[in-house]
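Since the structure comes first, as structure tokens, the remarks are kept for the end.
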Amino acid sequence: MVLELQKPRPIWQIMFSTHHTDVGLLYLITSIGFLFLGGALALIIRAELFLPGAQIIGDAMTFNRIFTVHGTTLIFLFILPFASSVGNYFVPIMVRYKDMAYPKLNAIAFWMIPPGGALIWLGFADFTWYATPPYSIISAPGPAADMWIFGLKILGISSVLGAINFIVTILKCKHPDMSIGQVPLLAWSFLSSSLIILVAIPTFAAALLMLLTDRLGVSGFFNPAMGGDPIAYAHLFWFTFHPEVYVLVIPAIGMMYEIIPRFSRKPIHSYNSGIFAFVLLSIVGFSSWAHHMYATGMSFTEKTVFMVGTLAAVPASALHVFNFVATMWNGRIKFSTPMMWAVGGIALFFSAGAGGVANAAMPLDFQTHDSYWVVGHFHLFVMGTIAFGSFGFLYYMYPYVTGRMYNEALGKVHFALSFIGTVLVFFTQHVLGLYGMPRRIFDYPPIPEWIAMNQIASVGAMIIGISMVIFLANIIHSAGKGKLADTDDPFGVGGKYYYPFEAKNPSH
Amino acid sequence: MSGHSNWPEWIYVAVVISLMCWVGAEAWQAERLVEHVPADAEIIKVTGQQWFWTFEHEDGTKEIGELHVESGKAYKFEIHSKDVIHAFNIHDYVVLMDAVPGRVNTVWFAPTDVGEHDIQCREYCGLIHYNMRGTLIVEEPSH
Amino acid sequence: MKSIVGLFLVLAVLIVVPAVDLVFAAGDEPGEYLDRRVVIWNLFFRMMTIAFVVGAVVSGTMIWQVWRFRESHPKAKPTPYEGTDW
């Protein structure tokens with residue numbers, strides 16, 4: 001346990017530590033902090049869009065900055081660091097090694113997150129998390145834009161260093177008696193996502209550098225006025241960021257692979273299918289990037305190729321859904337908080353995927369591109385699947401990390417309100433997109449259907465906000481004053497709570 | 001590893017793959033139909049810039065913010081941009097195509113009913129992206 | 001029973017395909033132009049039908065199994081793995 005508030009450790013011991021449990025804790029606290037910052041921005045956006053006209057935000061530029069920082073924060077400063085926290089804490093335990101392969105590099109990778117985050121927040125750029133040129137070159141105000149570019153550069157390097165660490169730890173440092181076919185699925189999920197990161201991130205790193213030199217005027221990669229092509233940036237960006245969405249979702253699915261078998265009191269239905277699905281998705285995920293670019297004027301053949309690549313990734317994801325359903329079948333399921341989050345997450349994962357298949361069909365992109373359908377779709381993934389899996393796992397590992405139990409009733413209230421809120425916001429936004437409302441707009445014409453759906457979405461967002469406040473209160477209060485947990489079986493489900501190899505933190 | 005029979009999983013995967021094949025085939029067919037531009041479509045040059053749309057008809061007539069067309073005729077839009085990426089969108093007619101500086105994108109449609117429809121920008125282009133709007137006015141044919 | 005209905009729904013939807021093709025074989029003369037709205041929305045509604053049928057099957061299965069295999073169900077019995085370190 002690294003977070004026993006009744007016997008607090010000196011803060012500098014945690015901050016200067018290189019032990020994987022402490023680095024995991026640092027990632028956890030940072031990611032939760034940014035979750036609330038990014039989430040607050042979301043509530044401001046939804047409050048503004050409650051009605052046409054300006055509500056609480058005075059001008060369009062502020063609104064544009066807010067949605068840019070909202071997206072950038074939640075992806076790069078919440079989802080990725082949260083996954084890193086889980087991976088750092090548990091991967092060495094799962095492969096029965098004493099720490100990550102390179103502990104000092106691990107700590108360095110973490111400490112790049114706060115400066116990256118600071119650059120993004122102090123800059124507050126306005127060009128969307130996508131930073132598309134030529135706008136980001138010729139029109140986006142600096143120094144915000146340049147700070148964003150530097151911030152993301154640093155975060156990208158942090159990601160790559162973490163990925164190297166995971167790959168070497170899992171492949172080279174696992175216990176000699178453990179074959180790769182015995183490594184738990186959660187560790188496999190980190191292996192897959194780390195391999196994707198190694199292949200995908202360098203492309204974006206190059207694109208960022210080119211964007212910066214374009215902004216400085218010394219190059220013309222993406223600036224038509226200097227002979228460049230903005231679509232080249234789109235290819236580089238999406239070549240990274242389509243696989244990146246699999247980097248985001250694969251660890252969350254891995255977390256569900258921990259929770260669902262445990263609470264169904266059965267082992268996973270097919271471990272081999274799980275591995276196959278992770279590896280297949282990692283590879284096939286690289287074949288679909290330009291489905292984000294259907295509207296840029298690509299030829300019919302190009303669009304067809306990427307549609308096929310997109311559809312090819314669906315069976316891999318479907319395998320996970322089957323695995324989870326088959327695991328729960330004939331089980332004796334205890335619906336503690338972690339299990340509720342995992343099962344709710346699977347249901348929303350399916351809906352997100354179904355909407356995505358509709359989007360992948362080329363002609364339907366004419367209806368949905370850059371509309372609120374897309375916003376609803378990807379939020380069902382990042383909130384409905386990834387955040388739900390993450391919250392479930394956070395509750396699951398809570399007794400292990402703190403030695404105490406959180407309040408179960410409040411945990412279930414957090415889930416129920418979040419689920420209702422998520423459905424209200426993001427399902428509604430699919431319909432809103434079909435009615436034509438574009439993304440990234442500060443204000444909209446007083447079309448009655450748009451107003452009604454925006455209001456439903458805003459109410460849903462407020463419900464999620466309330467649930468998050470309950471969550472924060474629960475985890476903070478319980479860390480200090482919660483009931484002491486039975487660390488062998490805190491949830492009363494039987495079996496081994498965790499892997500036989502205990503984490504030995506040298507500072508304890 | 002899996003000592004139990006797993007035929008349900010194989011059937012499930014087969015169903016998923018066949019669904020994806022169906023989606024792909026349908027989408028391919030629909031796109032093929034939709035991308036076929038009639039030979040006699042009248043060309044309208046659309047120019048997007050921060051933050052308004054301008055139009056130029058074949059006969060040289062220019063319009064700003066409003067586009068007058070006739071029902072029953074086919075029109076092909078040649079879409080340009082003067083500065084950053086925009087996207088020309090007439091949602092009611094499912095017309096959507098990016099305006100990318102340095103290239104010309106085309107999309108066509110054939111309006112059928114008289115009426116007015118919104119034109120909007122569907123790609124973030126800065127401060128007044130949210131209000132880069134116009135009106136499509138479909139009129140009776142003049143002859 | 002559910003799967004038969006689903007199957008027939010799917011087949012009915014698929015039959016619409018050749019029909020659409022015939023009706024909207026695009027011509028190049030005024031009056032014969034394709035209405036892109038119709039083609040696109042038609043495809044959309046057909047895909048949504050399939051998606052909601054599949055969704056009903058998947059979520060129906062999940063809802064049923066969450067109800068049937070909950071530990072408080074009267075017929076709930078321990079799994080063969082309980083008592084071991086699964």
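The values are calculated or read from the model by the stated rules, or taken from the named source; none is laboratory data. Note that the structure is predicted; figures quoted are calculated from it, not measured. Glycine also receives a Cβ, built like all others from the backbone with ideal geometry; neighbour counts cover every protein chain displayed.
Taking the condition in contact (Cβ under 8 Å) with a residue 60 or more places away in the chain and either among the hydrophobic types (A, V, I, L, M, F, W, C) or outside any helix (DSSP H, G or I) (or both), does residue A:387 pass? Yes: the conditions hold for residue A:387. Residue A:456 satisfies every condition listed in (1) out of contact with any Phe, Trp or Tyr (no Cβ under 7 Å at 6 or more places or on another chain); (2) closer than 24 Å to residue A:54 by Cβ; (3) touching a residue at least 60 places away in the same chain (Cβ under 8 Å); (4) of a type in the set (A, V, I, L, M, F, W, C) except (3). Just to be sure before I move on: is residue B:90 within 10 Å of another protein chain (Cβ to nearest Cβ) and closer than 30 Å to residue A:136 by Cβ in the structure I sent? For residue B:90, the condition - within 10 Å of another protein chain (Cβ to nearest Cβ) and closer than 30 Å to residue A:136 by Cβ - is met.
Residues A:219, A:270: which one is of a type in the set (Ser, Thr, Tyr), free of Cβ contacts under 8 Å to residues at least 60 places away in the same chain and within 14 Å of chain B (Cβ to nearest Cβ)?
Numbers: A:219 fails: within 14 Å of chain B (Cβ to nearest Cβ).
Criteria check complete, one pass: A:270.
Among the residues of this structure, residue C:6 does not count as one that is more than 10 Å from chain B (Cβ to nearest Cβ), under 29 Å from residue A:257 (Cα atoms) and either modelled with pLDDT under 95 or part of a helix (DSSP H, G or I) (or both). The residue pairs whose first member lies in segment A:196-207 and is touching a residue at least 24 places away in the same chain (Cβ under 8 Å), whose second member is charged (D, E, K, R), and whose beta carbons are closer than 7 Å, counting only pairs six or more residues apart or on different chains, are A:200/A:244; A:205/A:153.
Apart from one condition, residue A:404 fits all of (1) within 14 Å of another protein chain (Cβ to nearest Cβ); (2) touching a Leu at 6+ places or on another chain (Cβ under 8 Å); (3) of a type in the set (D, E, K, R); the exception is (1).
Check whether at least one residue in segment A:68-83 is modelled with pLDDT of 95 or more, assigned to a helix (DSSP H, G or I) and touching an Asp or Glu at 6+ places or on another chain (Cβ under 7 Å), and report yes or no. Outline the logic, then answer.
Residues of segment A:68-83 modelled with pLDDT of 95 or more: A:68-83.
Okay, now just the ones that are also assigned to a helix (DSSP H, G or I), so A:68-83.
Next, from what is left, pick out any that are touching an Asp or Glu at 6+ places or on another chain (Cβ under 7 Å): A:68.
Within segment A:68-83, one or more residues are modelled with pLDDT of 95 or more, assigned to a helix (DSSP H, G or I) and touching an Asp or Glu at 6+ places or on another chain (Cβ under 7 Å).
To keep it simple, each residue is scored yes or no on (1) surrounded by 19 or more Cβ atoms within 10 Å (Cβ to Cβ); (2) more than 12 Å from chain B (Cβ to nearest Cβ); (3) within 23 Å of the chain's Cα centre (by Cα).
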{"site": "A:205", "(1), (2), (3)": "no, yes, yes"}
{"site": "A:235", "(1), (2), (3)": "no, yes, yes"}
{"site": "A:243", "(1), (2), (3)": "yes, yes, yes"}
{"site": "A:249", "(1), (2), (3)": "yes, yes, yes"}
{"site": "A:282", "(1), (2), (3)": "yes, yes, yes"}
{"site": "A:287", "(1), (2), (3)": "no, yes, yes"}
{"site": "A:314", "(1), (2), (3)": "yes, no, yes"}
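Of the listed requirements (1) farther than 27 Å from residue A:232 by Cα; (2) modelled with pLDDT of 95 or more; (3) surrounded by 16 or more Cβ atoms within 10 Å (Cβ to Cβ), residue B:33 misses just one: (2).
Which residues, counting only those in segment B:98-143, are under 24 Å from residue A:440 (Cβ atoms), among the small types (Gly, Ala, Ser) and more than 9 Å from chain A (Cβ to nearest Cβ)? Even if it seems obvious, please write down each step before you answer.
Taking segment B:98-143 first, the residues under 24 Å from residue A:440 (Cβ atoms) are B:98-103, B:105, B:107, B:117-136.
Retained after the next criterion (residues that are among the small types (Gly, Ala, Ser)): B:99, B:102, B:126, B:134.
Passing the criteria: B:99, B:134.
From the set of residues in segment A:136-181 that are assigned to a helix (DSSP H, G or I) and out of contact with any helix residue (DSSP H, G or I) (no Cβ under 9 Å at 6 or more places or on another chain), which is farthest from the other protein chains (Cβ to nearest Cβ)? Per the stated criteria, the residue is A:168. Picking from residues in segment B:27-44 that are out of contact with any Phe, Trp or Tyr (no Cβ under 7 Å at 6 or more places or on another chain) and touching a residue at least 12 places away in the same chain (Cβ under 8 Å), the one that is farthest from residue A:310 (Cα to Cα) is B:40.
Could you please find all residues in segment B:90-127 being in a loop (DSSP other than H, G, I, E, B) and under 23 Å from residue A:233 (Cα atoms)? Working first, answer last.
Here is the first cut: in segment B:90-127, the ones in a loop (DSSP other than H, G, I, E, B) are B:94, B:100-104, B:110-114, B:122-127.
The answer is B:100, B:101, B:102, B:103, B:104, B:122, B:123, B:124, B:125, B:126, B:127.
Of the residues making up segment A:255-275, none is under 30 Å from residue A:135 (Cβ atoms), under 24 Å from the mean Cα position of the chain (by Cα) and in a helix (DSSP H, G or I). Among residues of segment A:332-391 being within 28 Å of residue B:22 (Cβ to Cβ) and polar (S, T, N, Q), the one that is farthest from the other protein chains (Cβ to nearest Cβ) is A:385. Please verify whether segment C:40-50 includes one or more residues that are surrounded by fewer than 19 Cβ atoms within 10 Å (Cβ to Cβ), hydrophobic (A, V, I, L, M, F, W, C), part of a loop (DSSP other than H, G, I, E, B) and at the interface with chain A (Cβ under 8 Å from one of its Cβ atoms). Scanning segment C:40-50, I find no residue that is surrounded by fewer than 19 Cβ atoms within 10 Å (Cβ to Cβ), hydrophobic (A, V, I, L, M, F, W, C), part of a loop (DSSP other than H, G, I, E, B) and at the interface with chain A (Cβ under 8 Å from one of its Cβ atoms), so the answer is no.
Selection of first residues in segment B:52-77 that are assigned to a strand (DSSP E or B) and of second residues that are of a type in the set (S, T, N, Q) and at pLDDT below 95, restricted to Cβ pairs under 7 Å at least 6 apart or on distinct chains, gives the following pairs, ordered by first then second residue: B:70/B:142.
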